[in-house]
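Enquirer: Handing you this structure, nothing more for now.
Any read-out appearing in this document is the output of simple, stated calculations on the displayed coordinates, not a laboratory observation. Just so we're clear, the structure is a prediction, and the values are computed from it rather than from any experiment. Cβ coordinates were reconstructed from backbone atoms using ideal geometry, including for glycine residues, and neighbour counts include every protein chain displayed.
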Amino acid sequence: MSPPVILRRDGAVASLVLNRPDALNAINIPMAEAFHACCIELAADASVRAVVLRATGKAFGVGGDLNALRVDPVNTARRLIELLHESVKMLAALDAPVIASLHGAVAGGSLSLAMACDLAIAAEDTRFNLAYVNIGASCDVSGSWNLPRLVGLRNAMAIALLGDTFDAREAWRLGLVNRLAPPAALDAETDALARRLASGPTLAMGRMKRLLRQAFDNDLSSQLDREQANFLACAASGDFAAGLEAFFARGKPEFQGV
């Protein structure tokens, strides 16, 4: 039997692959446990410089496994949320950029998980639905934190409270995804983006990620202090020295991620 989540490597790029295609990648406890274990492995591997979150089968994911939740709603939900919330924290803390590569249906907790990534690319025929309200639930997996930051409060309210399905073009217009790709080209365009990011200054990217995520919660003075501290840390790095040397030599820097 194939594992519910596969972690594979291609050089400095790691792919986290959701792998319950027969269940449209509905997240049950074994999948959440496997996902959590893969995130722990990624967090311990400094050689990873870009991460892609993708899925096998016809759908990226339809959210939590409703069959499992129907049997034991509270205990199943508690365990799923504990595992997935810890996983989201680990992904957010990575220096490596995390890209969601989306296709088919992206709904419920799977959409929340995609929004927790740093960037997102979607096939042009992808369909989205936050879906929680349709089963009488509120958000989890950081959906309520990321959604208004990505699309604004009014749009977030409409997406969350109406529970409507919308297409990839609308997701792009709202800012839920950064890029659209023809379905047949999704993997190739995702991989090209991942390789580009993996060749970048990983330490600086990690600091930039955290600055941007903190910006909504800090006043200007606090954010300026954080900018100063992070820039000075970058200025002491090998990648900063390589970037300056390449600039003055009119060449392309070869960043090492340190």
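Enquirer: With the structure loaded, tell me whether Gly136 is over 30 Å from Thr202 (Cα atoms), small (Gly, Ala, Ser) and surrounded by fewer than 21 Cβ atoms within 10 Å (Cβ to Cβ) or whether it fails that test.
Expert: Yes, satisfied.
Enquirer: How do the helices (runs of 4 or more DSSP H) wholly within segment 164-258 filter down when requiring 1 or more residues that are under 19 Å from the mean Cα position of the chain (by Cα), under 18 Å from Ala93 (Cβ atoms) and not hydrophobic (A, V, I, L, M, F, W, C): which remain?
Expert: Of the helices (runs of 4 or more DSSP H) lying wholly inside segment 164-258, those with at least 1 residues that are under 19 Å from the mean Cα position of the chain (by Cα), under 18 Å from Ala93 (Cβ atoms) and not hydrophobic (A, V, I, L, M, F, W, C) span 202-214.
Enquirer: Right, here's the next one. Given the condition aromatic (Phe, Trp, Tyr) and closer than 25 Å to Lys58 by Cα, answer yes or no: does some residue in segment 141-153 qualify?
Expert: The answer is no, given that none of the residues of segment 141-153 is aromatic (Phe, Trp, Tyr) and closer than 25 Å to Lys58 by Cα.
Enquirer: Now, a different point. Would you tally the residues in segment 213-247 being of a type in the set (A, V, I, L, M, F, W, C), in contact (Cβ under 8 Å) with a residue 12 or more places away in the chain and surrounded by 12 or more Cβ atoms within 10 Å (Cβ to Cβ)?
Expert: 4
Enquirer: Here is a further query. Being touching a residue at least 60 places away in the same chain (Cβ under 8 Å) and hydroxyl-bearing (Ser, Thr, Tyr) narrows it down to one of Ser87, Ser110, so name that one.
Expert: Exactly one residue qualifies, and that residue is Ser110.
Enquirer: Could we say that Ser87 is small (Gly, Ala, Ser) and in contact with a Ser or Thr (Cβ under 9 Å, 6 or more places away or on another chain) here? Let's see the steps before the verdict.
Expert: On the way: small (Gly, Ala, Ser): yes; in contact with a Ser or Thr (Cβ under 9 Å, 6 or more places away or on another chain): no.
No, not satisfied.
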